[in-house]
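Written out below as structure tokens is the structure these notes cover.
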Amino acid sequence: MSEETLSRSGTARALGRAITETPALRRGMGLTVALAGLGTLIQLVVPIAIQQVIDNDLLGVDEVDVGSVVGTGAVALVAMFAAFLVRRQALVRLANASATGLSELRVRTFEHLHRLSILVTEAERRGALVARVTSDIASIQDFMDWGGVGLLIGVAQVVVAMIAMLIYRFDLALVVLAAVVVYTILLFWIQRILSRAHDKVRKRVAQSLGAMGEAISGLPVIRAYGAEEETRAKVADALDEQFKSEYRTAMLGASLFSSAELFAGLITAAVIGIGVVTGTGAEMSAGTLLAFLFLVNLLVQPIQTLVETLNHAQSAGAGVRRIFRILDSPIEIDDPEVPVRLPAGELDIEFCHVDFFYNEDAPLFADLNLHIEPGTRVAVVGETGSGKSTFSKLLTRIHDPVDGSVMVGGVSLKSLATDDLRRRVTYVPQEGFLFDTTIADNIRYGKPDATDEQINAAIADLELDAWLASLPGGLSTPVGERGTQLSAGERQLVALARAWITSPDVLVLDEATSAVDPALEVQTRRAMERLIAGRTSVTVAHRLSTAEAADEILVFDQGVLVERGNHNELLAAEGVYTALYADWVKGTAKVD
């Protein structure tokens, strides 16, 4: 379903789709509905008891039969208690189903987010994506927990009460039915306005979460440049817009609830007036009128509840629509139905007629063809925007080509299972992302079952023992959120150890030495050399000293592979690489 279609779809349709596509919400729904209806049917004992007591035991008799009154009252009391138990069971069943089903929906949404193209997730702010699996689903759960059972019981109660009124007094029942129809039309009209209002609220909530998340993540930069006031103003504006949207929506909801109170009063007054004027004899006894008024209350009370539920339903419907906008986003990079395994041993790399673009009007690669022999150390260089990082992302299948194929070991990446690709081809980004845990746990992301002994062996193989020993907690040293308790160079060392422990056959590195503090640069370069040794490697070189040591250099210029060869060959050619190298030596190269 497209975003445009979702934006037009009503709340009932959105919630219906959520129930349809979430098996746990549907499981046992028939019995839950039956229990809700049974509870309402049991309640009909009360108006019948009222009529019997008034007409037979109180009015037109010489002496009140206290025993009959008490007995009938006892039956009514037992019926009310039984109705309470039955309706409570319906509530418990629905609450359990909603908790289970929405937990499944939250997990499904989260997993889908992780499988979406990087281009899709980068187009949205992190706070907005977090809102999908937090506040959006929380709004649905609020509705299901409190409004869902009320909706089931309320609808059943309205239907049963209407049928009973038709049996008691057909003409008065038609008056009530006409009033209910008119009020229902009014509700549908207000519902459309509320639906748009709640959509706007969910959008504003996501925007404010994004603004606050950005302000917190960028706190060091904000303080460094003294941008506190501007940032506070930006967050305040986002929160103010959220408040205005929520206030307008609350006003609409309050108006809707007030209309329900007005409707209840008018319909009760109409029934009493018409009943008194037209009622005569046995056709409209006092007991019948009071029983009918009880049925009116039985009808009006759930309508008032349904009106309040409608307000929660709009918020839930808005959350559902936003969630399904994510779930309807196509998975561009997915495992094949019958994956091919990579051959054992060293792997070569081949780009065959590869086309790629971020924007159709500005293609980056057009008919790119190249082959890299197994065990070759390759450096990729070029000015900013030349396609270096995109080349590495195509090689690790973070992006897929628009046309053509990327081959590793003679197998197209699209034919590989993701676990096989990640195990054999490892990517080390320019800034290694660290999770808010220990150094050991961050290294273990490369191999979840790695023991501390294996991690220590990896540190030793990369000759990082001295660095690890300098840390107060060794492998147990916490790194902080996004690794902020470590320096940029130390974060890169952890990322290199994480890559080493996976034992990849092809290594793709987006060089980060430009961000490494000088004290760790030697250790970083030594660790990188040991990591690359004996493997096919592709390094996006931001410092051309890395390119000097490579077996082969690929030179890109605006998405075109313009030169390839080793350092000496390219210098002798006096082409693009020569100019880049001369600028780098003078410290002016734009290769970041």
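If the condition is being modelled with pLDDT of 75 or more and either of a type in the set (Ser, Thr, Tyr) or not in a helix (DSSP H, G or I) (or both), then the range 246-300 contributes Tyr247, Thr249.
For Asp136, state whether it is assigned by TED's automatic domain parsing to the domain that holds Gly317, touching a Lys or Arg at 6+ places or on another chain (Cβ under 6 Å) and either in a helix (DSSP H, G or I) or modelled with pLDDT under 70 (or both). So Asp136 passes the test. Which residue out of Arg196, Arg204 is free of Cβ contacts under 8 Å to residues at least 12 places away in the same chain, under 25 Å from the mean Cα position of the chain (by Cα), surrounded by 12 or more Cβ atoms within 10 Å (Cβ to Cβ) and not in a loop (DSSP other than H, G, I, E, B)? Of Arg196, Arg204, the one residue that is free of Cβ contacts under 8 Å to residues at least 12 places away in the same chain, under 25 Å from the mean Cα position of the chain (by Cα), surrounded by 12 or more Cβ atoms within 10 Å (Cβ to Cβ) and not in a loop (DSSP other than H, G, I, E, B) is Arg196.
Taking each residue of the range 80-95 that is in contact (Cβ under 8 Å) with a residue 60 or more places away in the chain and looking for partners that are assigned to a helix (DSSP H, G or I) and among the small types (Gly, Ala, Ser) with beta-carbon atoms closer than 7 Å, six or more apart or interchain, yields Arg87/Ala36; Arg87/Gly39; Ala90/Ala36; Ala90/Gly39; Leu94/Gly148. Scanning for something under 29 Å from His567 (Cα atoms) and touching a Lys or Arg at 6+ places or on another chain (Cβ under 8 Å), does the range 323-333 turn up at least one residue? No, every residue in the range 323-333 fails to be under 29 Å from His567 (Cα atoms) and touching a Lys or Arg at 6+ places or on another chain (Cβ under 8 Å). Restricting attention to the range 567-582, the residues being closer than 18 Å to Lys388 by Cα and either touching a helix residue (DSSP H, G or I) at 6+ places or on another chain (Cβ under 9 Å) or touching a residue at least 60 places away in the same chain (Cβ under 8 Å) (or both) number 7.
Of all the listed residues (Pro504, Pro478), the sole one being surrounded by fewer than 23 Cβ atoms within 10 Å (Cβ to Cβ), under 26 Å from Leu554 (Cα atoms) and modelled with pLDDT of 75 or more is Pro504.
Conditions tested, residue by residue: (1) in the same structural domain as Val380 (by TED's automatic domain parsing); (2) modelled with pLDDT of 90 or more.
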{"residue": "Thr546", "(1), (2)": "yes, no"}
{"residue": "Ala550", "(1), (2)": "yes, no"}
{"residue": "Leu554", "(1), (2)": "yes, yes"}
{"residue": "Val560", "(1), (2)": "yes, no"}
{"residue": "His567", "(1), (2)": "yes, no"}
{"residue": "Val576", "(1), (2)": "yes, no"}
{"residue": "Ala579", "(1), (2)": "yes, no"}
{"residue": "Asp592", "(1), (2)": "no, no"}
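Inspection of the range 66-86 finds no residue satisfying the criterion of being modelled with pLDDT of 70 or more, outside any helix (DSSP H, G or I) and either in the same structural domain as Gly154 (by TED's automatic domain parsing) or in contact with a Cys (Cβ under 9 Å, 6 or more places away or on another chain) (or both). The set of residues in the range 541-560 being outside any loop (DSSP other than H, G, I, E, B), crowded, with 17+ Cβ neighbours inside 10 Å and among the small types (Gly, Ala, Ser) consists of Ala547 alone.
Any chance the range 427-440 includes a residue that's in contact with a Leu (Cβ under 8 Å, 6 or more places away or on another chain) and part of a helix (DSSP H, G or I)? There is at least one residue in the range 427-440 that is in contact with a Leu (Cβ under 8 Å, 6 or more places away or on another chain) and part of a helix (DSSP H, G or I). Do we have any residue at all in the range 520-540 that's in the same structural domain as Phe435 (by TED's automatic domain parsing), modelled with pLDDT under 85 and assigned to a loop (DSSP other than H, G, I, E, B)? Within the range 520-540, one or more residues are in the same structural domain as Phe435 (by TED's automatic domain parsing), modelled with pLDDT under 85 and assigned to a loop (DSSP other than H, G, I, E, B). Is it fair to say Gly148 is modelled with pLDDT under 70 and not β-branched (Val, Ile, Thr)? Yes, satisfied. Here Thr384 clears all of (1) surrounded by 15 or more Cβ atoms within 10 Å (Cβ to Cβ); (2) of a type in the set (Ser, Thr, Tyr); (3) out of contact with any strand residue (DSSP E or B) (no Cβ under 7 Å at 6 or more places or on another chain) except the condition numbered (1).
The values are calculated or read from the model by the stated rules, or taken from the named source; none is laboratory data. Quick caveat, the model's predicted, so the values are computed rather than measured. Positions of Cβ are generated from backbone atoms using ideal geometry, with glycine treated the same way; all protein chains shown enter the neighbour counts.
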